[in-house]
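Here the structure comes first, spelled out in structure tokens, and everything after it is commentary.
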Amino acid sequence: MVMLVLQGSSSRASFKTLDDIIGLVQKAYLPSWFATLQEGRTPDWHASISQDQFAQVTDAFVDAMQHFVEQTPWVGPETKGHDAFCVGLPFVQKICVDEKKRVLVAIIGDLHADVATTAAFFKRLQRDDYLLDDGTINPQLPNGLDEFRIVCLGDYLDRGSDSVGTMTLLLHVATKNPGQVILLRGNHDNAWLVDYRPTGGSAQELVQRFGKKGFSAVRKQLRRIKNFFPSALYLGQRVSGQPTRYMVFCHGIIDFGFNAQPLLESKQDQAFCRYEIDHKAALRRAFKKKPPVAFPKALQNLSRAVKQNIIPQLFHECDLVPDGMDGLDADFVGEHHGRLFMGKHAVQLTMQLQSTKTATVSGAGRGHQHDGGARAQPMSQAIFGVTCNPAKGTCMPRNPGHVGVSKIWGDDSSRKNAVWDGCVCTFAAAPDINLGHLLRQDLALSGIDGDFAAYGLFNLKDWTLQAWRISLDEIAQLTGMRIKKYANLVHKQRMPASVIANRHAD
């Protein structure tokens, strides 16, 4: 068992219900960071969450997680587990549930300080009887469910207008439900507040809120909580006489060099392990298997590239991250300038290498921003169900029922909401953030409504994923905070030149 000694107060947060937090957030809320910049307005931070209240929330989260990890085994030497939490080294979590249980998992993508969407997500779950008023998971779940879990896919900071309110809501619910609410690590969470630009990073917000001294103190709090964010979650359910089928949740990609086999073969239903990347060892495992036809030549090239210590451009559409990186800022279906990405063949091989005779990695759910304009980004088009023509500057619907979750590399027409083997599910980002405007602007110009939040409900027993939409009007009804429609902003406002210049930055 890992015994941790972490500095921090044992005080508990003063918030008793979700509405306590939402009430304070409402007083400072200004819709759209861009509108705020243009109009020269600043939120009334004095009426919102104080530095002491935020410190209480973060301390309570650390206390709850410290107790949880003390009760959860590690796969591998215990000293590595201790180091991972105390030093902030990347780690991975596994959850395996009993085959008789009916388990539903709510999944949401990049929130990026969009406090209105964060609040609406929890209020919707509360309205549908998954959460109680205080944010605790309902012990009497609807529809005969035995368990309910929440997975957030990372990137909670930067770009939006209220990172403190967003983090307070997330940490409050996670503290109420340790082990059942998983806050994964994103690339922005990993970097923590290095983004101090006039276009609206969380660092700028914290300096405005608390001053430079307060900013330093809050930054330390954020770095403490980040240590408890897994880089990936493997979630599976046992089936009699068959290998356990796992869905892996992450922010960026499933790294080719991570060996999940010891973790997945462990007998513990809940466990942690270090997220160590070793591409050379992965290559050795790959050559021992009989890979698909497309792989042998690519593997030989990869072997030479690894020895030369360069980033290989292989598997046709696939780049792989070098040793030492954890894939948080990498992508599927390469769509960004110079970004590392994995294509279909690489993902299939990675899942194959992570699987064993008793455990199969069958699918992935991930977040990460997709923007730069729908016309330029194939994943953005897939998420919103459109086909865009860059030459004509138009987008046309191709899947009217699509609601913000893309399932790539397959066809689910045979079974409604099915998640097939090798499927990758990508979730749209929250609507009130300062990068999402480009995608939604393209949609608005084509008369397509991209102004909504989306999340998924994954049924572990049936292996299905339903995508759910939350409209901007519903966000306003649930939270009292109204997000401006980008369809209106496109015609009435011009975005700052600095934002347009950095529109591809992630």
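The values are calculated or read from the model by the stated rules, or taken from the named source; none is laboratory data. Note that this is a predicted model, so its numbers are computed, not measured. Neighbour counts are summed over all protein chains in view; Cβ atoms, including those assigned to glycine, are modelled from backbone coordinates with ideal geometry. Keep in mind that these areas ignore ligands, DNA and RNA; they rest on the heavy atoms of the full protein, side chains included. Shrake-Rupley method; radii C 1.70, N 1.55, O 1.52, S 1.80 Å.
Would you confirm whether any residue within region 218-227 is of a type in the set (A, V, I, L, M) and within 17 Å of GLN93 (Cα to Cα)?
Taking region 218-227 as the starting set, the residues that turn out to be of a type in the set (A, V, I, L, M) are 218, 222, 225.
Applying the additional criterion that residues be within 17 Å of GLN93 (Cα to Cα) yields 225.
There is at least one residue in region 218-227 that is of a type in the set (A, V, I, L, M) and within 17 Å of GLN93 (Cα to Cα).
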Taking first residues from region 48-60 that are more than 13 Å from ASP20 (Cβ to Cβ) and open to solvent by 10 Å² or more (accessible area, probe 1.4 Å) and second residues anywhere that are among the aromatic types (Phe, Trp, Tyr) and assigned to a helix (DSSP H, G or I), the pairs with Cβ under 8 Å that are 6 or more apart or on different chains are GLN51/PHE210
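Step by step: first the residues of region 132-187, then only those that are among the charged types (D, E, K, R) and farther than 26 Å from ALA271 by Cβ, then the one that is surrounded by the most Cβ atoms within 10 Å (Cβ to Cβ). Which residue is that?
Just the residues of region 132-187 that are among the charged types (D, E, K, R), to begin with: 133-134, 146-147, 149, 155, 158-159, 162, 176, 185.
Filter once more, keeping what is farther than 26 Å from ALA271 by Cβ: 133-134, 158-159, 162.
Numbers: ASP133: 11, ASP134: 15, ASP158: 31, ARG159: 28, ASP162: 29.
It comes out as ASP158.
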With the first residue restricted to region 264-288 and required to be open to solvent by less than 70 Å² (accessible area, probe 1.4 Å), and the second required to be basic (Lys, Arg), Cβ contacts under 7 Å at 6 or more apart or on different chains are LEU264/LYS94; GLN270/LYS94; ALA271/LYS94; ARG274/LYS80
The number of residues in region 100-126 that are under 23 Å from the mean Cα position of the chain (by Cα) and either at pLDDT below 95 or assigned to a helix (DSSP H, G or I) (or both) is 18
Residue hits (region 200-221; in contact with a Leu (Cβ under 8 Å, 6 or more places away or on another chain) and open to solvent by 10 Å² or more (accessible area, probe 1.4 Å)) are PHE215, ARG219
message = When you check THR117 against the structure, is it in contact with a Gly (Cβ under 9 Å, 6 or more places away or on another chain) and under 23 Å from ASP19 (Cα atoms), yes or no?
response = yes
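Could you pull out the residue among GLY450, GLY393, GLY373 that is in contact with a helix residue (DSSP H, G or I) (Cβ under 8 Å, 6 or more places away or on another chain), modelled with pLDDT under 85 and buried (at least 22 other Cβ atoms within 10 Å of the Cβ)?
Details: GLY393 fails: buried (at least 22 other Cβ atoms within 10 Å of the Cβ); GLY373 fails: buried (at least 22 other Cβ atoms within 10 Å of the Cβ).
Just a single option satisfies the conditions, and that option is GLY450.
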Using the structure shown, decide if GLN126 is in contact with a Pro (Cβ under 6 Å, 6 or more places away or on another chain) and in contact (Cβ under 8 Å) with a residue 12 or more places away in the chain. no
